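Peer 1: My structure is below; once you've seen it, I'll send some questions.
What follows draws every value from the coordinates through simple rules; no lab data is involved. Just so you know, these numbers come straight off a predicted model, no measurement behind them. For neighbour counting, all protein chains shown are included, and Cβ atoms are generated from backbone atoms with ideal geometry for every residue, glycine included.
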Amino acid sequence: MNKYMIFGVVAFFALALVSAGLVTYLSNTSNADVKVSSPIYQLVSYDGNDWTEDAISFNIYGGETVSFSAKDTNMANVEIETVSENFVTNEDGVTCDDFVSVIVTTTTIIGDGEPEVSGPHDLIAYDFCSTIDANTVTFSYGPSPNTWEVGKEDTSDIAIKFKPNAVGTYKYQNTNLYPN
């Protein structure tokens, strides 16, 4: 009788294993991994020709002007709406009075369309600089929110002239926020 009981238990477990494998086989499971990236691709350049995703650095003296370019491109196949924020930070402190001028000229191209140029605009003269805290100022310009058509590319040439008493490491950062 023990022999039949052991045989029954072994048969039960064998049937369970076969059934589990058969269910997996018959269920026809499919999987997908989806990597989602930011729809707005951002690059910077020293000269407007060689572009990088990495931060760029300059060594200048107070009173001098630094120039660079920033490029934003809508990579998505849908229209995207963003609110753009442009920050300048300095661990030693920063105010809008650190700048003589911040000149921005933006060229917009949508797909194969003709370039549209906006500027030059002096964000200091327009009073588009605001203090966030002792170490951060923000520059506001352009439409808010900004609608990015499929393939839209904005290239901004930026020239920042510092006052002679401006010292420290100034860091520029553009951030695109995606409202709901």
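Peer 1: Return the sequence-ordered ³J(HN,Hα) values of region 82-87 in whole Hz as given by the Karplus equation 6.51 cos²θ - 1.76 cosθ + 1.60 applied to θ = phi - 60°, using x for Gly and Pro.
Peer 2: Per residue, the Karplus-derived 3J(HN,Hα) values read 10, 10, 8, 10, 10, 10 Hz.
Peer 1: Would you order Tyr170, Tyr61, Tyr141, Tyr41 from fewest to most other beta-carbon atoms within 10 Å of each residue's own beta-carbon?
Peer 2: Tyr61, Tyr41, Tyr141, Tyr170
Peer 1: I would also like to ask the following. Taking a label point 7 Å from the Cα of Ala76 along the Cα→Cβ vector, which residues of region 132-167 have an amide N closer than 13 Å to it?
Peer 2: Correct set: 146-152.
Peer 1: Could you rank the peptides 28-34, 88-94 by their average count of other C-beta atoms within 10 Å per residue, with the highest value first?
Peer 2: Descending packing order for the listed peptides: 88-94, 28-34.
Peer 1: Using amide H atoms built 1.01 Å from N in the peptide plane, name the residues 5+ places from Asn146, or on other chains, whose amide H lies under 5 Å from its own.
Peer 2: Thr82, Val83, Ser84
Peer 1: Further, regarding this structure: Would you mind computing, in nm to one decimal, how far apart the modelled labels at Glu91 and Ser57 are, each placed 7 Å from Cα along Cα→Cβ?
Peer 2: 1.2
Peer 1: What nm distance separates the two modelled labels at His121 and Asp50, each placed 7 Å from Cα along Cα→Cβ?
Peer 2: Result for the modelled spin labels: 3.0 nm.
Peer 1: Would you pull out the residues with amide H under 5 Å of Lys163's amide H, same chain only if 5 or more places away, H placed 1.01 Å from N?
Peer 2: Gly63, Phe99, Val100
Peer 1: How far apart, in nm, are the 7 Å Cα→Cβ label points at Asp33 and Ser67?
Peer 2: In this crude label model, Asp33 to Ser67 measures out at 4.5 nm.
Peer 1: Taking Cα centroids, how far is region 160-175 from region 107-132 in Å?
Peer 2: Using only Cα atoms, the two centres lie 19 Å from each other.
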